Amino acid sequence: MAKKNYDVIIIGAGVVGSMIARFLSRYKLDILLIEKDADVGMGASSANTAIVHAGYDPVPGSLKAIMNVAGNKMWDTLAGELNFPFERRGDYVVAIGDEEVPLLDELWERGVKNGVPGMIMLSGDEVRRREPNINPEVSGALWASTGGICDPFAVVIAAAENAVMNGVTLMLETAFEDFVMEGNRIVAVKTNRGTFGCRWAINCAGLYSDVVMHKAGVRPEFKITPRKGEYYVFDRAEITINNVLFPVPTPISKGILVTTTLHGNTIIGPNAQEIEDKEDRSVTRDGLEEVWQGARKLVPKLDLRHVIAVFAGLRPGGNAPCETPGVNYNKDYIIEIPAKVQGFVNLGGIESPGLTSAPAIAQRVVELLKDAGEKLEEKRDWDPIRPARPRFRDLSPEEQKILIRNDPRYGRIVCRCESVTEGEIVAEIHAPIPARTYDAIKRRTWLGTGRCQGGFDTPRVVEILARELGVSMLEVTKKGPGSEFLARPTKDVEG
Amino acid sequence: MLKQKYDVVVIGSGPAGLAAAIEAKKTGAEDVLIIERAKELGGILQQCIHNGFGVEIFKEDLPGPAYAQRFIDQVEELGVETLLDAMVLDITPARHIYAISKWSGFAELDARAIVLAMGCRERTRAQIRIPGTRPAGVYTAGTAQRFVNIEGYMPGNRFVILGSGDIGMIMARRLTFEGAKVERVLEIMPFLTGLTRNYVQCLLDWDIPLQLSHTVSRILGNRRVEAVEAVQVDEKWQPIPGTEEIIPCDTLLLSVGLIPENELSRKAGVALDPVTGGPYVDEGMQTSVPGIFAAGNVVHVYDLVDWVTEAGFLAGRSAAKFAIAERKRTARQVKLQPGDNIRYIVPHVMDKESLAESDQRLQMRVIKPIEEKVWVEVLDGENLVTRKSQRYVRPGEMVTVDIPQKAYDAVQKADTLTVRVVRR
Amino acid sequence: MAEEVTKMICITCPVGCTLEVTHEGKTLIKVDGNQCKKGIEYAENELTDPRRMVPTTVKVRGGVHPLVPVCTAAPFPKPRVFDLLAELRKVELQAPVKIGQVVLENALGTGVDVVATRNLPAVN
């Protein structure tokens, strides 16, 4: 029998699940957010370009286009409330050589149809002036002022944390197994940690959204095909890019782009390789070569010697046809309450621009629930503000002095490349969503992301995690059970 | 308690830093401070427990910690100050240092000379772009060495080591000594990159297989390393298809090179050589920024610690000489300070000896107009050095006063000269 | 017994000379390739009684670190190195430890002592 009954169970704590949890936490609902991994935002939300897209790319009339443009407009308020870093720097689609210029016109047309504000066509000279490292053969660019960059981990964590602060229950390492149905109604969700009753289940399972909806008997023909994208990160001391540079798009993706993190590191990628395995985030030799060639077309000055990290992410590409009449497109988002199953909000195929769209998707889910007759009474004490914790490296010397005076742990730098202090690590371990693994701390503080890639900080972080969690250093993991750092004490030899 | 100003500040207390501090003190520097990020002196030597250090300098074969101890003892005897468990955040070209620690808080201090001795860092997996997954169990050799020798934990039981540099080979023996299985040492070059004696006493002696012209082409395992794929490479270091071999293991150690650590040098405006990755230096180890010196692996990566120590001695000596000269030079300087109704004075400081050669002209502006006769006075405390009469002073009209050569003796006694305007 | 030539690499110093050692069983006949006389000594020892310095660590209670580095005070018989390491795993010292302090006397009856190679203060 069900351990506990909830009004709503959200399956999956990526950016979409966390954002929905945060939007629904406003109402008098008992909400459970379950996540199979050891931390929130470990799937598609964990490895992407970190771009808030303007919206000129999706096919006009598709749900993707609508969500993209609507989502984009919500980011300033959201960043203010949830206190995550976000900068609207604008983005460029860059044409190299004369033959690519007509493609910019096509994008312009799409952008106009999608209702994207603030687009400008720039000459090659103007682009070269604004972005000195760009390929000198640039012939023009579409500039969209509403494009932005963010830190996707920070977004997911802030949204989930604000949800938790407002009463949502988050269970990590809790994997969806099946639904319990009564007739055509979902009444409970079975997980590896027991069965939980619910009036509504919301499918936010990303790469696994097909599996989840099939268990509810919905859309048997829907299939997620993971599309792998590989990336390089460069040392910020060696090269900097001011804005997001897209190539002109190809039929299957927005292409291999050159962008910058909020921290100033240049990132190149992704390629787009369709695979079967939903957990295969391995980087391949061929994939890296493809990304390298693609990025050098935009910025020939890139130098492989300055690479500090490579990684791969998976986009949950779907095959849902667009439901707008007259629009021939079959990779659209699904955001629906299916007619044949009760108590089910079904989402699927939320690939790029899923991060941008997440707040609009959450808003749409709220409306779907209202339309289905949920009363959604607002809590009087709902707090939309998620306070930021101090980031030592972003403070002025005066502020740093005060911080250290109040808590000397902020005076001990644990990650030398990114200037992350012990105080920040301890704060994350004891935050509303505790960071209990090395990678969880890394995603929250950017520790270990610099040029030494954790070589210096790892032993120190393992020690701090063990101390703060009250466990042995042998139990400290990189990303959950099975990823322990250490095997045994040096002097304990078996046999 | 930290002082506000030091003759020589040494950043890092590995072999280069210890030697620099000792030699600076012996050369005559008065206040010498070492800033070290670890909780104890010695740097990486403390985790290099193997012998092989000191053959050149001491004609002895010492373990790393014992080698360090000899210098640490001298540092203590000579009264060098230390700030441990601390990190330097920034250095300005004017040798102003910002450092923090749990114990000292946020500290700012000035150095007449600085020795950069931050050593080097290890190249990582990303820098050689090994394909595959990103599980736990991939460590640089130095990180593993710290776990095994200092923290007291083995990072795995079955190892593959990439790189036949000295650290890689020494770790192969070390792990074998502690009961682990080292399946293979792989080297992409067709030759050994470490010392031959380490090949004998670390690999051959204990039957650890070495494969030259081989590298790791893939890492397998989602949570923890489960295996690596090794592959033979051609003369252009490209994998030869068909030579792939899966080697089951739980840990991959990387010993694929060291890079001088110069983040702080950049902040201080020190010019770096793109070939070495370290600062350009002169014969005394001075960098492109006057008063900032560098020694050891921060300059270029050495293979023997003894030579790092020698470089440290040289840099310490040069830094002390620079600091002493700087001290003498500033001891001869007198500050010029605006007093009543003076907004600023140019020059701001003056060499007292300059009066031996000629009169010295001061230029200044007043704050408020005074439309009557005034004295513009130059004073050492309350003692008048010289004065000049003016019919009026106005902010829009610059005022000049000459300090005459005959004031030479009066100025020698002064630290600061104040200039003020008084009504006659 | 027939004369044979064995190649060795001298590990006495970082130069690492490649030696061509002519010998009859354990009897040294001549050494070629050595740059100093230590090479001859090394070759002779390798034939009769190969020895190695053995650096490792032992456990410490109450110290600033849980281990202290140690090393044999003289080269130790190579065939017995793993026995020595097993013996040293049983040792547990009490901090503070002084450099040069004997950790294991006359290890395995070889006459070789094992000594600490650094000072390890006690935790305050």
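Remarks
Quick grid of which residues meet (1) within 30 Å of A:Ser419 (Cβ to Cβ); (2) in contact with a helix residue (DSSP H, G or I) (Cβ under 9 Å, 6 or more places away or on another chain); (3) surrounded by fewer than 21 Cβ atoms within 10 Å (Cβ to Cβ); (4) among the β-branched types (Val, Ile, Thr):
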residue: B:Gly43; (1), (2), (3), (4): yes, yes, no, no
residue: B:Phe53; (1), (2), (3), (4): no, yes, no, no
residue: B:Gly79; (1), (2), (3), (4): no, yes, yes, no
residue: B:Val88; (1), (2), (3), (4): yes, yes, no, yes
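- Scanning region B:171-194 for residues that are of a type in the set (Val, Ile, Thr) and crowded, with 24+ Cβ neighbours inside 10 Å returns B:Val182, B:Val185.
- Taking first residues from region A:185-201 that are assigned by TED's automatic domain parsing to the domain that holds A:Thr174 and over 15 Å from A:Phe344 (Cα atoms) and partners that are surrounded by fewer than 18 Cβ atoms within 10 Å (Cβ to Cβ) and charged (D, E, K, R), the Cβ contacts under 7 Å between residues at least 6 apart in sequence or on separate chains come to A:Thr191/A:Glu177; A:Asn192/A:Glu177; A:Gly194/A:Lys3; A:Thr195/A:Lys3.
- Against the numbered list (1) at pLDDT below 95; (2) under 23 Å from the mean Cα position of the chain (by Cα), A:Asn83 comes up short only at (1).
- Yes/no for B:Asp110 being of a type in the set (D, E, K, R) and within 11 Å of chain C (Cβ to nearest Cβ): no
- Selection of strands (runs of 3 or more DSSP E) fully inside region C:30-121 by the criterion of at least 1 residues being within 13 Å of chain B (Cβ to nearest Cβ) and under 12 Å from the mean Cα position of the chain (by Cα) returns C:55-61, C:67-72, C:114-116.
- From B:Tyr302, B:Tyr199, residue being under 27 Å from B:Pro155 (Cβ atoms), of a type outside the set (D, E, K, R) and either in contact with a Phe, Trp or Tyr (Cβ under 6 Å, 6 or more places away or on another chain) or not assigned by TED's automatic domain parsing to the domain that holds B:Ala172 (or both): B:Tyr302
- Filter pass, B:Arg158 being under 30 Å from B:Pro248 (Cβ atoms), touching a Lys or Arg at 6+ places or on another chain (Cβ under 6 Å) and basic (Lys, Arg): yes
- For first residues located in region B:110-133 and in contact (Cβ under 8 Å) with a residue 40 or more places away in the chain, partners that are aromatic (Phe, Trp, Tyr) and not in a strand (DSSP E or B) and lie 6+ apart or on another chain with Cβ distances below 9 Å form the pairs B:Arg112/B:Phe322; B:Ala113/B:Phe322; B:Arg121/A:Phe456.
- Within region B:58-102, tally of residues that are part of a strand (DSSP E or B) and of a type in the set (Asp, Glu): 2
- Checking each residue in region A:266-281 for being more than 21 Å from A:Arg305 (Cα to Cα) and either within 13 Å of chain B (Cβ to nearest Cβ) or polar (S, T, N, Q) (or both) picks out A:Gln273, A:Asp277, A:Lys278, A:Glu279, A:Asp280, A:Arg281.
- Close Cβ contacts (under 8 Å, 6 or more residues apart or on different chains) running from residues in region B:43-59 that are at the interface with chain C (Cβ under 10 Å from one of its Cβ atoms) and free of Cβ contacts under 8 Å to residues at least 12 places away in the same chain to residues that are surrounded by fewer than 20 Cβ atoms within 10 Å (Cβ to Cβ) and part of a helix (DSSP H, G or I) are absent.
- Candidates B:Arg224, B:Arg197, B:Arg218, B:Arg266, filtered to the one that is under 30 Å from B:Val88 (Cβ atoms) and either surrounded by 16 or more Cβ atoms within 10 Å (Cβ to Cβ) or within 9 Å of another protein chain (Cβ to nearest Cβ) (or both): B:Arg266
- Region B:360-374 residues that are more than 16 Å from B:Leu336 (Cβ to Cβ), paired with ones that are aromatic (Phe, Trp, Tyr) (beta carbon under 6 Å, 6 or more apart): B:Glu371/B:Tyr392
- Among residues of region B:154-166, those that are farther than 15 Å from B:Leu254 by Cβ and in contact with a strand residue (DSSP E or B) (Cβ under 6 Å, 6 or more places away or on another chain), counted: 2
- Residue check, A:Val461 surrounded by fewer than 18 Cβ atoms within 10 Å (Cβ to Cβ) and away from chain B (no Cβ under 11 Å): no
- Residue, nearest to A:Phe153 (Cα to Cα), within region A:55-78, restricted to residues that are assigned to a loop (DSSP other than H, G, I, E, B) and hydroxyl-bearing (Ser, Thr, Tyr): A:Tyr56
- Test: B:Val80 is touching a strand residue (DSSP E or B) at 6+ places or on another chain (Cβ under 9 Å) and within 14 Å of chain C (Cβ to nearest Cβ): no
- The strands (runs of 3 or more DSSP E) found entirely in region A:79-158 that carry 2 or more residues being in contact (Cβ under 8 Å) with a residue 60 or more places away in the chain, touching a strand residue (DSSP E or B) at 6+ places or on another chain (Cβ under 8 Å) and closer than 24 Å to A:Ala65 by Cα are A:91-96, A:138-144, A:148-150.
- In region A:23-50, residue surrounded by the most Cβ atoms within 10 Å (Cβ to Cβ) [restricted to those that are of a type in the set (A, V, I, L, M) and either modelled with pLDDT under 95 or assigned by TED's automatic domain parsing to the domain that holds A:Ser282 (or both)]: A:Ala44
- Unmet requirement for B:Gln127, which otherwise passes all of (1) closer than 30 Å to A:Val476 by Cβ; (2) more than 9 Å from every other protein chain (Cβ to nearest Cβ); (3) not hydroxyl-bearing (Ser, Thr, Tyr); (4) not in a strand (DSSP E or B): (2)
- Qualifying residue in region A:298-313 (condition: within 14 Å of chain B (Cβ to nearest Cβ), on the phi > 0 side of the Ramachandran plot, at pLDDT below 95 and buried (at least 18 other Cβ atoms within 10 Å of the Cβ)): no
- Flag for A:Val291 being more than 14 Å from chain B (Cβ to nearest Cβ) and in a helix (DSSP H, G or I): no
- Residue in region A:6-37 that is farthest from A:Leu82 (Cα to Cα), counting only those that are of a type in the set (Asp, Glu) and in a loop (DSSP other than H, G, I, E, B): A:Asp37
The values are calculated or read from the model by the stated rules, or taken from the named source; none is laboratory data. Please read these numbers as outputs of a predicted model, since none were measured by experiment. Every residue, glycine as well, gets a Cβ built from its backbone with ideal geometry; the counts of neighbours run over all protein chains shown.
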